[in-house]
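Computed from the coordinates by the stated procedures, all read-outs in this text should not be read as laboratory data. Just so it is clear, the structure is predicted and the values come from calculations on it, not from any experiment. No Cβ is skipped: glycine too gets one built from the backbone with ideal geometry, and neighbour counts run over all protein chains shown.
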Amino acid sequence: MSKRPQESDVEFIRALAEMLRENDLTEIEVSRDYAEDDALNVRVARQYASAPPPVQQAAAPAPMQPAAVQPQTAPTLAEPEDAAEDAGTVASPMVGTAYFQAEPGAPPFIKVGDALKEGQTFLIIEAMKTMNQIPAPRAGTVKRILVEDGAPVEFGAPLIVLE
């Protein structure tokens with residue numbers, strides 16, 4: 001027959017749950033060592049769904065150009081909220097972590113301006129330790145990339161915009 005938890009035990013469990021939430025932890029293990037004077041052993045852990053993305057080196061600043069020649073700036077990520085209404089937006093088919101390259105150091109599948117064929121892999125989403133290749137739903141030119149490499153994505157979240 002199981003013993004009902006005491007109110008102090010329930011409060012202790014609530015405090016541990018709050019600690020998980022406040023500190024972005026994924027695991028707390030508490031055990032009592034009866035051999036060691038009833039000592040309380042606590043273990044905390046934070047696990048990541050995937051390996052952290054590789055650190056990318058920033059490019060060296062370009063030398064000064066004459067005033068008549070304007071250097072082109074690299075396209076920046078668009079705000080997903082702005083692109084959600086765009087007819088060419090491709091949404092995430094699942095929850096997971098988005099990767100734009102097959103492995104760290106490999107060239108990206110796509111970049112802004114690339115022509116994409118229907119069915120061509122443009123992204124990998126890691127979900128439950130499985131790498132899922134995401135194919136382009138239609139042909140088009142990559143107009144915008146809306147998520148960063150290694151970023152978590154939700155189902156239906158805008159990933160890229162095709163024109």
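Relative to the compact-globule estimate of 2.2 N^0.38 Å, the Cα radius of gyration of the stretch 80-162 comes out at 0.99. Stretched out straight at 0.36 nm per residue, the stretch from ASP114 to ALA87 would grow longer than its current Cα-Cα span by 7.9 nm.
Taken along the Cα-to-beta-carbon direction at a fixed 7 Å, the label points for ALA106 and ARG138 span 2.8 nm.
Take the Cα of THR130, step 7 Å along the line toward its Cβ, and report every residue of the stretch 140-157 whose backbone nitrogen sits under 15 Å from that point. Those under the cut-off are none; the list is empty. Backbone amide hydrogens, once placed in the peptide plane, bring THR89 within less than 5 Å of LEU162, excluding anything fewer than 5 places away on its chain.
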